[in-house]
Amino acid sequence: MVKNITLIILLVIGFIVQSAFAAQDPTAPLGWINNNSKVRIIPRAPLPALQSIICDERHCSVILNGTVVGLGGSIQGYKLIRVTDNTVTLSRGGKKWQLALFAENIRIN
């Protein structure tokens, strides 16, 4: 009788473990996301590329991704909040990014 109960318990545990492994397809490609999953991915716009800073006596403008943007203007959801001679500061969603016109790590041979 004890052997029968032990056998039944092992079979039940085996079915439970097998169903847990079946929750993920081992033959699916790496990085594949099931469209039926409830995880929602929010696409984000990439950070604009700083191409130029243009200043006159009164105000400065910058060129980001080929578009001229003035102080307080925005591009792809990023707002231009500060302009200096070599850097600009962008903000979006309470976060700030500082883009430099020239790389700081210049290597001289």
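Could you tell me whether any residue of region 62-82 is of a type outside the set (Gly, Ala, Ser), more than 24 Å from the chain's Cα centre (by Cα) and at pLDDT below 90?
Scanning region 62-82, I find no residue that is of a type outside the set (Gly, Ala, Ser), more than 24 Å from the chain's Cα centre (by Cα) and at pLDDT below 90, so the answer is no.
Give all pairs with beta carbons closer than 8 Å in which a residue from region 68-84 that is at positive phi and of a type in the set (S, T, N, Q) meets a residue that is open to solvent by 80 Å² or more (accessible area, probe 1.4 Å) and part of a loop (DSSP other than H, G, I, E, B); count only pairs at least 6 apart in sequence or on separate chains.
Gln76/Pro46
Restricting region 68-100 to residues that are open to solvent by 80 Å² or more (accessible area, probe 1.4 Å) and in contact with a Cys (Cβ under 8 Å, 6 or more places away or on another chain), which is nearest to Pro48 (Cα to Cα)?
Among those residues, the one meeting the criterion is Leu71.
Check off (1) assigned to a strand (DSSP E or B); (2) on the phi > 0 side of the Ramachandran plot for Ser61 and give me the number that stays unchecked.
Condition (2) is where Ser61 drops out.
Just the residues that are surrounded by 10 or more Cβ atoms within 10 Å (Cβ to Cβ), of a type in the set (Gly, Ala, Ser) and either closer than 30 Å to Ser91 by Cα or modelled with pLDDT under 70 (or both), please, taken from region 11-48.
Hit for region 11-48 is Ala45, nothing else.
The values are calculated or read from the model by the stated rules, or taken from the named source; none is laboratory data. In this text the structure is predicted, and so the values were computed from the model without any measurement. Ideal geometry is used to build each Cβ from the backbone, glycine not excepted, and the neighbour counts take in all protein chains shown. Remember, those area values only see protein heavy atoms, side chains included, never the ligands or the DNA or RNA. Shrake-Rupley method; radii C 1.70, N 1.55, O 1.52, S 1.80 Å.
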